[in-house]
Amino acid sequence: MRTLTKDTINKIGEKVILMGWVDVRRDHGKLVFIDLRDRWGLVQVIFSPANKELLSTADRLRTEWVVKIEGTVKERPQGMQNPELPTGSVEIEATELEILSESQTPPFSLSTDGYEIGEEHRMKYRYLDLRRPRMKENIIMRDRIINFCRDFLHKKDFVEIETPIVSKSTPEGARDYVIPSRLYPGKFYALPQSPQQYKQLLMVAGFERYFQIARCFRDEDTRGDRQPEFTQLDLEMSFVEREDILNLMEEMLILLVKNSAPHKKISQVPFPRISYSEAMQKHGTDRPDLRENKDDKNELAFVWILDFPVFEKDQNTNSWTYSHNPFTAPKPEYLDNLMNGRDLDKILSQQYDIVLNGFEVGGGGIRIHKKEILEKVFKILGHSEEKIKKNFGHMLEAFENGVPPHGGIAPGLDRLVMILRGEPNIRETIAFPKTGDARDLMMEAPSELSGEQLRELGIEVIKKIK
Ligand code: ASP
């Protein structure tokens, strides 16, 4: 049975088998030392000159080779202990060594935090980059957070339901990633920008409380903390009002911080709430950073932004566009104005955003659940009858079949992990992200298709001449 590095401290005097990577090798005269690394940490291993054959194999070891070591756990003499290392009170006196796999010299150092290495390099060899403890901790924290949310929501009677990835374009404001259909040449699927319509349809279906760790795809020009695909904790509830969603989220986020980042301090509980107009007036942004001390790495300033306008003027076309998504309900007192097309710019919605330290970490809203209101919104947005039917016919039809009032929210997991880990970028929290310019350098995506694949799909590529 294999022993993990972290467990060696409880096995003084015992024979153990360890497996992992050679983190470093040090030669001290006739002795060879290695730090053996596994997912849980490091432990020091000594090869003594008593066994010549063993020592000569140990002499061949290089950084990142994978080895199996048998040996005895010894307490290190006083003064030789390393208080920096959790296993620093012990060392393994090796009696056997098997080389399981050799490694080339890594293209960059794995013992630093990695920030000094160019992204091109880190992404091409991501499997090596992920070996550094900082990256491991990021990915493990992500898992803990996901696990916490799953558990929290299951205890509140939510059901985790998967919705399709191969889907149809949803109008969430970004450009879709599209998939050509082989069976229906000239037709396309789209990857979902979010499961928005499916989750609303699950409310029509009577599930009442849904969540999903949902991958969302948006073909946007990539910016600092954007990625072609990112992950949301997507949820939706029936028979709720705004207050119910805000309270549920607040409870979850407070517990999540306590559970996954207990050293962090939330500046204000309950989370402050400010209106969109107040945020814009006072802070000039709808993502204000309300930390008291912006140098304090452990301060978390959550704030709810409420009362967004339903409609905004599109700067380019001067037509109306929605501020969150077309399904967001107006506040009840504005319903008359909406139905009569009056003072459209003053109509406030039941949208809410949760902002943390100046980043939007989630948004949602209470939805329109009446067909005629949704139709009216589409008309105000300038959609023709034909376009409404083509794009949203299924929603309008579903809305004729007994729809519960419902609403939801979708916190972005990548950003949440980024802030809780004090990382500068969401790419540090995703195992295999794309580069800032949307490439996967390790797999070399995007890539060209073969002529045969293109023929099968009925696609002809027109090369742009620049
Ligand atoms: N689908 C929305 C988004 O991606 C979230 C929501 O309204 O629940 O922003």
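General remarks:
- Gyration tensor verdict on the chain (Cα atoms; rounded if a/c is under 1.5, prolate if a/b is larger than b/c, oblate otherwise): prolate
- Loop-exposed GluC sites (Glu not before Pro) per DSSP, neighbour cap 15 Cβ within 10 angstrom, longest uninterrupted part of the chain: 293-399
- Mean projected area in nm² (Cα convex hull; one quarter of hull surface) for region 257-332: 7.6
- Relative contact order for the chain, counting Cα pairs under 8 Å that sit 6 or more residues apart, in percent: 13
- Ordering 180-187, 435-442 by mean Cβ neighbour count within 10 Å, with the highest value first, yields 435-442, 180-187.
- The sum of -39500 (n - 2.57) across all DSSP H runs of n ≥ 4, divided by the residue count of the chain, sets its helix-only mean residue ellipticity at 222 nm to -8000 deg cm²/dmol.
- Three-way shape label, region 314-466, alpha-carbon gyration tensor, a/c 1.5: oblate
- Inter-label distance, nm, simple model (7 Å from Cα along the C-beta direction), Thr112/Leu183: 5.2
- Here Lys265 is the anchor, and the aspartates and glutamates within straight C-alpha reach of less than 19 Å, apart from those fewer than 8 places off in the same chain, are Glu250, Glu251, Asp289, Glu292, Asp295, Asp296, Glu299, Glu360, Glu423.
- Area of Asp129 that stays accessible when all protein chains are in place (1.4 Å probe, Å², to 10): 0
- Pairs with C-alpha atoms separated by more than 22 Å, drawn from the list Lys313/Lys390; Lys168/Lys389; Lys199/Lys264, are Lys313/Lys390; Lys199/Lys264.
- With 0.36 nm allotted per residue and the present C-alpha distance subtracted, the Lys464-Trp40 stretch has 147.6 nm of extension available.
- Global geometry of region 226-380, whether rounded, prolate or oblate, following the gyration tensor of its Cα atoms and the 1.5 cut on a/c: prolate
- Computed from point charges on the beta carbon alone (+1 for Lys and Arg, -1 for Asp and Glu), the dipole magnitude for region 351-428 about its Cα centre is near 140 Debye.
- Cα-based convex hull, region 199-239, per residue volume (Å³, whole number): 78
- Listed by chain and number, the lysines placed with their C-alpha closer than 29 angstrom to that of Lys15 are Lys6, Lys30, Lys52, Lys68, Lys74, Lys136; residues fewer than eight positions away on the same chain are left out.
- Surface share of carbon and sulfur [accessible, 1.4 angstrom probe, percent] for the chain: 49
The values are calculated or read from the model by the stated rules, or taken from the named source; none is laboratory data. The shown structure was predicted, so the numbers you read here are calculated from the model rather than taken from an experiment. Methodologically, a virtual Cβ is constructed for each residue, glycine included, from the backbone with ideal geometry; neighbour enumeration extends over all protein chains shown. Ligands, DNA and RNA are stripped out before the accessible areas are found, and what is left, the full protein with its side chains, is counted by its heavy atoms. Shrake-Rupley method; radii C 1.70, N 1.55, O 1.52, S 1.80 Å.
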